[in-house]
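J.: Handing you this structure, nothing more for now.
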Amino acid sequence: ELLPKIFGMFVQGSAAIERTHSGLGLGLTLARDIVELHGGTIEAKSAGPGQGSEFIVRLPHSDVPDSTDAMESTAESFSGAAQSRSRIVVVDDNKSQALSLARLLQGWGHEVYVADDGQSAIKLVENTAPDFALIDIGLPGMNGYELARWLREQPQFRNITLIAQTGWGREQDLREAQAAGFDHHLVKPIDHDRLAKILTQSQQKV
C-alpha cells in the first residue's frame, strides 16, 4: 500500500520517535530527485510484505566528461569551518549517516567522536568534554530531547553547543528542541553551509 507514495518525503512505515529501525523517509526522495536531475526515472516494485523489493533506475547516456569544479567550489565555501579546531560529538543511530557527517567535520579540521545511542553519547561527552554535540532526535531508548535535557541538567556540560539534527522540521518540532535545551535545530539533509556558520560563530543562535 506504500508503493504509490514511497518516493514522497518523510514517508515511512512508522513515525515513532523511539524506534528499533532507523530511517527518516528521506532516502528514496533524495534518490528520485538525483535520478530526475540526470534526466532519468526510478520505479519501485514489490509483491508484498516479505516478498522483497525491486528498484529500477533508467538513466540517459551522456558523453559529457565529469568535472571536479563543483567539488572544489564546495570545499572553498566551507573552508572557514576549519579555522578553529573544535571537539564535536555526533550522535546518530544511522551509522552511515553518522560516519558521513563525521568525515565532513574531520575534513574541516575538527576532532570528532561518534555515538549511536544516548547512553554511549553520555559516556563520550564525559570523556571528551566537547564544544559541540550534534544529536539526532529519533534515537532508540533515550531520544534526543531526553539526552539534551540530561546534558543541560549537568553543570559541567551547560556550555556545550547542542545542535538537533532531525527529519522533523515543523514549528512545533523547533519549539520542542528549544525547550529541551538545543541551541540550534537542523533539518536533515543538513545544510552544510548553515552548519559551518554555526561552528564558526557558536555564540550566535542561527
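The values are calculated or read from the model by the stated rules, or taken from the named source; none is laboratory data. Only a predicted model underlies this, so the values are computations on that prediction, with no experimental measurement involved. Using ideal geometry, Cβ is built from the backbone for each residue, glycine included, and neighbour counts are taken over all protein chains shown. Quick note on the areas: whole protein, heavy atoms, side chains included, nothing else; ligands and nucleic acids left out. Shrake-Rupley method; radii C 1.70, N 1.55, O 1.52, S 1.80 Å.
J.: Keeping all protein chains in the complex and leaving out DNA, RNA and ligands, what accessible area do you get for residue 7 with a 1.4 Å probe, in Å² to the nearest 10?
T.: Counting only protein heavy atoms, residue 7 exposes about 30 Å² to solvent.
J.: Given a 1.4 angstrom probe, I'd like the percentage of the accessible area of region 104-180 that is carbon and sulfur, rounded to a whole number. Kindly include the intermediate steps, with their values, before the conclusion.
T.: Working: 1500 of 3400 Å².
On region 104-180, the fraction of accessible area on carbon and sulfur atoms equals 44 percent.
J.: Report, by chain and number, residues whose modeled amide H sits under 5 Å from the one on residue 164, excluding near sequence neighbours (fewer than 5 apart, same chain).
T.: Sorted by chain and number, the residues that satisfy this are 135, 183, 184, 185, 186.
J.: Per residue, how big is the convex hull around the C-alpha atoms of region 87-206? Give it to me in cubic angstrom, could you? Don't jump to the answer; show the numbers that get you there.
T.: Numbers: hull volume 11.0 nm³, N = 120.
It comes to 91 Å³ per residue, whole-number rounded.
J.: Hey, another quick one. Give me, ordered by chain and number, the residues 5 or more places off residue 142 or on other chains with an amide H under 5 Å from its own placed amide H.
T.: Correct list: 118, 119.
J.: Please list, in order along region 165-172, the HN-Hα scalar couplings obtained from phi with the Karplus expression 6.51 cos²θ - 1.76 cosθ + 1.60 (θ = phi - 60°), rounded to whole Hz, x for Gly and Pro.
T.: So the Karplus estimates, Gly and Pro as x, are 10, 8, x, 9, x, 6, 4, 4 Hz.
J.: Then there's this: Along the Cα→Cβ direction, 7 angstrom out, place labels at residue 59 and residue 96. What is the inter-label distance in nm?
T.: Distance between label points: 1.6 nm.
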